[in-house]
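The values are calculated or read from the model by the stated rules, or taken from the named source; none is laboratory data. This one's a predicted model, so the numbers in the text were calculated from it and none came from an experiment. All Cβ positions, glycine included, derive from the backbone under ideal geometry; neighbour counts span all protein chains shown. In case anyone asks, the SASA skips ligands and DNA or RNA and just uses the protein heavy atoms, side chains included. Shrake-Rupley method; radii C 1.70, N 1.55, O 1.52, S 1.80 Å.
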Amino acid sequence: MKLGFLSDAHGNPAALEAGLDALAKRGVTKTWFLGDAFGYVPGDEVLRVLKKWELPWILGNHDALTVGICAPGENAEIYNHPVLDEKIQDELRSLPDQLHLDVDGRRFLLVHGSPADPTFGYVYEDTNLKQFGARDEDFVVMGHTHRPFVRPCGKTVYVNAGSCAMPRDGDLRGAAAVVETRTMRAEIIRFEIGDAIRKALSRGDLHPVVRKALERLVI
C-alpha cells in the first residue's frame, strides 16, 4: 500500500489540493495531514479541504496557537491565525499530537515536530537522530521544519514531509512524502504550487513579512 503524508499548509488550500492531486497521481490510497493548517495566510479554507478529503490530522504548533492551547510568542502578529467558532475550536483541541499506526505490518509514528516533542520539536536533515533512542517504529514521519528529507537511523526511517505550501529548502515546489509499505521505500515528491502562491499573494491582508516570503517562491 502507498501512504501519503502532507504538512504545513499554513492557510493555503490551493497548495494543499495540489499536494493531494500529486499524491493521487502516485497511486497513494491513504493520506495523513501532519499539522499546521493555519498561520501566515489568513482564513480557515484549509480546514474545509481537510474535511472534504476526510484526512486524519495531527495537531501542529500553529493549530495549537489558533485555539489557545499555548500562548503566542514574539512576532505573533505575522501568524494571522483565524478566529474560529467554539465548536470548531473544540474539535481542534481534541486533535491528537501524535498517531501510532500499524499498516501492512509496518509500524509508524506520526508527529508534527519530533518524537521527543510532538508539537514543537524540530528535526532537520542534519539532526542527530540517535538522540531519540532505539525505536520500535519502522517509520517516524513529521513536518514542521518545511525542509523535507528521508534518513534511516538504526532500523527506523525518519521522514520529514516538508511543507506543501511554504518550502524552505531552496526548492520552489511544494513537498509531500510517500511510503510504500510492501517495499518499505520512502520518498519525497515535489509538485508545482506557483498558481497557489500567486493566488495567496493576490490577497490584501497578508503581513508584509509573509508577503515577502511568498514572493520568493514565485521568482
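Of the set (1) modelled with pLDDT under 95; (2) among the aliphatic types (A, V, I, L, M); (3) under 28 Å from G194 (Cβ atoms), all apply to A76 but (3). Applying the set (1) at pLDDT below 95; (2) of a type in the set (A, V, I, L, M, F, W, C); (3) surrounded by 15 or more Cβ atoms within 10 Å (Cβ to Cβ) to A134 leaves exactly one unmet item: (3). Filtered by the rule that a residue be open to solvent by 50 Å² or more (accessible area, probe 1.4 Å) and either farther than 21 Å from K51 by Cβ or over 18 Å from the mean Cα position of the chain (by Cα) (or both), the stretch 74-93 gives E74, N75, E77, V83, D85, E86, K87, D90, E91. Checking the stated criteria, Q98 turns out to be open to solvent by 60 Å² or more (accessible area, probe 1.4 Å) and in contact (Cβ under 8 Å) with a residue 40 or more places away in the chain. Of all residues in the stretch 109-151, those satisfying the criterion of being outside any loop (DSSP other than H, G, I, E, B) and either in contact (Cβ under 8 Å) with a residue 40 or more places away in the chain or of a type in the set (S, T, Y) (or both) are L110, V111, F139, V141, M142. Residues that are acidic (D, E) and in contact with a strand residue (DSSP E or B) (Cβ under 8 Å, 6 or more places away or on another chain) were ranked within the stretch 109-164; the one that is farthest from A177 (Cα to Cα) is D136. Filter the stretch 1-38 for residues that are in contact with a Pro (Cβ under 9 Å, 6 or more places away or on another chain) and part of a strand (DSSP E or B); which is least open to solvent (accessible area, probe 1.4 Å)? Taking the candidates together, the pick is F33.
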